[in-house]
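Quick one: structure below, then a few questions.
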């Protein structure tokens, strides 16, 4: 059985079903492994029509299903699916693309498709704890698409987590009992400006919300925002907001008015306005820019009210006020980001600097960008610096390197080129001596940390160590970055459409080294 399980784990869902149907012995063995069939991704209506056959292999376990449809797909299979399979769902994600197609009747067809889908969603699902609904019809203007008040048969059941993209809960005064026990709610509508009253109407059905995600083209405050927020969301503790147009100052001002009892706040900023320090937020500042042209600004934790705030945005000149702030004490930055942006502003109180070194895949992807050891014009003006760290990150590269492409089936997505993860101590010594501006000038660094370095490549290692000792008091080797830094250096997945903004608060999120693309649970129309 263990050998068969390992074989089936490395097959996609279609192959697992085929193996299970080969003979009686394999059928019985597959029946004993229902967990291998309990997560299913259906990519079209053709695959949906086979759902009942797929679900039999997971019995009696509850199943997690992700379904992708087009507005032109026949919905008879979806109707049958909701009636027969909803009672066995633990989580359900539905994505409907409604933007394709044209003609004078296209808008009518979109509304007709949503009306039928929303009716089907009224089927009972007593075990459903997580629901994600995406209806992308932004090409058709400002029309709103509403859930029905009898969602999930009008019963709260086990539903505690919900994401609505392009869909609104039933308008007040209609009720929606299925949403009444929500604890985590993501509300996303990128086609319009969102006022507080719009947002309040969206979560009026869910007074027990603890974690809230809001994403809109623009967020605008209302005069009586305080009264509405306190009355309707008394248990709210965490909020994640993404705005494409408003500057940080406007968002922070509105958030304080809307949600005065917050403990955690994450703000995603996509506007072109400069990012300034927020003196009313706690400090000190810690900045993480590990690549991907993105940056996380951590405003620390206030010991009095336990409030924490983070801002995520693109790394460019807009961040200069933050990077030069007197409250900035820690910086993690990819060497290509330093090369792309040029010398970073001076930070008078920065004490910890971590430079992420480029993997071989990074080098091939950004061949015009020099590293910190090659570009001698890059200086680091941090007079109070105490700790310097050089680190490699074991994360999926943006584009596969040559070695990775040849060995992907065996090695997964991780970059394992033998030419990577090396450093010369003499290069580090030269950088500290010539381009690290400390005060007083001849002061030695307290600590040099080398994280995930595979090889030291100095020809004369003894001489390199003796020279390094003249500029550093202590050298520490790490097998990997500390876990708290690994979480901060992950790609900002919450900017993408399929990931909840509220995932930013997940305490159990794995560091990037544990992420791998898993396609084994996909079932779609066979290619001929």
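What follows is calculated from the coordinates using simple rules that are stated; it is not laboratory data. Predicted model only: the values in this text are computed from it and were never measured. Neighbour counts are summed over all protein chains in view; Cβ atoms, including those assigned to glycine, are modelled from backbone coordinates with ideal geometry.
Please work out how much length the chain gains when fully extended from residue 208 to residue 237, using 0.36 nm per residue of separation minus the C-alpha to C-alpha distance, in nm with one decimal. Could you put the intermediate results ahead of the total?
Details: separation 29, 0.36 × 29 = 10.44 nm, distance 1.07 nm.
That pair, residue 208 and residue 237, stretches by 9.4 nm at full extension.
Could you give the length gained on full extension between residue 447 and residue 11, defined as 0.36 nm per residue of separation minus the Cα-Cα distance, in nm?
Computed gain between residue 447 and residue 11 is 152.2 nm.
Say each of residue 364 and residue 3 gets a label point 7 Å from the Cα, pointing the same way as Cα to Cβ; how far apart are those two points in nm?
Spacing of the two 7 Å Cα→Cβ label points: 3.6 nm.
Quick check on the exposure proxy: order 165, 258 from fewest to most C-beta atoms within 10 angstrom.
On the way: 165 20, 258 25.
Fewest-to-most ranking of 165, 258: 165, 258.
What is the gain in length, in nm to one decimal, between residue 261 and residue 386 on full extension, counting 0.36 nm per residue of separation less the C-alpha to C-alpha distance?
Working: separation 125, 0.36 × 125 = 45.00 nm, distance 3.65 nm.
Stretched out fully, the residue 261 to residue 386 stretch lengthens by 41.3 nm.
What is the spin-label model distance, in nm, from residue 293 to residue 477 if the labels are put 7 Å beyond Cα along the C-beta direction?
So the label points at residue 293 and residue 477 sit 3.8 nm apart.
Sticking with this one: Measuring from label point to label point, each 7 Å out along Cα→Cβ, what is the residue 459 to residue 62 span in nm?
Computed distance between label sites residue 459 and residue 62 equals 6.5 nm.
To the nearest 0.05, how large is the calculated FRET efficiency for residue 466 and residue 276 if R₀ is 35 Å and r is the Cβ-Cβ distance?
Result of the calculation: an efficiency of 0.15.
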